[in-house]
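For reference, the structure discussed in these notes is given below.
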Amino acid sequence: MSQPRLTIGRVPIDVVTFQQAMERIEALVDAKQGGSVFTPNVDHVVNVDSDDVFAAAYQRASLSVADGMPLVWASKVLGQPLPERVAGSDLLEPTLQLAAKRGWRVFFLGAAPGVAEKAAAVARERFGTNVVGTDSPFVKLDDTAQIDRIARQLADSKAEIVMMAFGAPKQELLIDRIAERVKPAVMLGIGASLDFLAGTVKRAPAIMRSTGFEWLYRLSQEPGRLWKRYLVNDPKFAVILLRTLKRQKLG
């Protein structure tokens, strides 16, 4: 039975617990039909609102889970509460453990040069995961030849799970672009998660993650890169939420 979905702005979000999300990922791999797992946060909702291609990619996602406490809070305002936050960074290690248990082939794609290799070494040593390949290309979505090369690389690896770490919207758009060509691989957009696993970037303390202040920690770590996202772009989320609420009340 399919899980209900909530929509905030133009982003669909599956109403699932963490355990249900893990079960859905396992079911996608077992089905051998491919699939995509997106982990939306406030920034995704804001960017999707003005990007038709990004919005279309979200509509085709196999699983979309709330990677951000503001989305969980917003769901309560909208009367369809999400049971909990399901962060991509929290999904990574359990999925790698499950992959080791089930004998799945895993590919790490993205992050800065060298990070995927470090993360793969950690995954192999800590979980016994069969990481069959890594790559950290600088992706240009308008470079058709490069996109074709990546699709062939993943297909040739016979990976059953691809952890894609380019950040949004690049990772979601790339996943959507190549999904049909890399079946049966299930691709997860995981943002900075490979950095966390490799130990090249430190995650926010658990208390900041659970109270919705992870963004403040990340801003303090990378102010030059993230100030515009958090201080200029993301406040638009409030307007999108109010519009969603109004649309809901109008039926």
Say each of residue 219 and residue 77 gets a label point 7 Å from the Cα, pointing the same way as Cα to Cβ; how far apart are those two points in nm?
1.7
Expressed as a whole-number percentage, the relative contact order of the chain with C-alpha contacts under 8 angstrom and at least six residues apart is 24
Just to be sure I understand the model, the point goes 7 Å from the Cα along the line to the Cβ. What's the resulting residue 97 to residue 250 distance in nm?
4.7
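Short version: what are the Cα gyration tensor semi-axes of region 99-179, square root of 5 times each eigenvalue, largest first, in whole Å?
Taking √(5λ) for each Cα gyration eigenvalue gives 22, 14, 10 Å.
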Could you list which residues have their amide H under 5 Å from that of residue 110, counting only those 5 or more apart in sequence or on another chain, with H placed in the peptide plane?
135, 136, 165
Expected sort for 36, 75, 50 with the fewest Cβ neighbours (10 Å cutoff) up front is 50, 75, 36
Does region 79-127 come out rounded, prolate or oblate by the C-alpha gyration tensor, with a ≥ b ≥ c the root eigenvalues, rounded set by a/c under 1.5 and, if not, prolate when a/b is larger than b/c and oblate if not?
oblate
Tell me, what HN-Hα J-couplings in whole Hz come from the Karplus equation 6.51 cos²θ - 1.76 cosθ + 1.60 at θ = phi - 60° for each residue of region 39-51, using x for Gly and Pro?
10, x, 10, 4, 4, 4, 4, 5, 6, 4, 4, 10, 9
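A 30 angstrom limit on the alpha carbon distance is what I want to check against. Which of 158/228; 76/183; 140/202 exceed it?
Details: 158/228 39 Å; 76/183 36 Å; 140/202 27 Å.
Check vs 30 Å cut-off fails for 158/228; 76/183.
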Which of 130, 83, 66 sits farthest toward the positive end of the charge dipole of the chain, with +1 on the Cβ of Lys and Arg and -1 on the Cβ of Asp and Glu?
83
Starting from the 7 Å offset along Cα-to-Cβ, what nm value, one decimal, do you get for the label separation of residue 126 and residue 206?
1.5
Treating each Cα of region 1-80 as an identical point scatterer and ignoring solvent, apply the Debye formula and state log10 I(q)/I(0) at q = 0.17, 0.19 Å⁻¹.
-0.66, -0.81
Given that compact globular proteins tend to follow 2.2 N^0.38 Å, what is the ratio of the alpha-carbon Rg of the chain to that value?
0.97
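Values quoted throughout were computed directly from the atomic coordinates according to the rules given, and no laboratory measurement underlies them. Only a predicted model underlies this, so the values are computations on that prediction, with no experimental measurement involved. All Cβ positions, glycine included, derive from the backbone under ideal geometry; neighbour counts span all protein chains shown.
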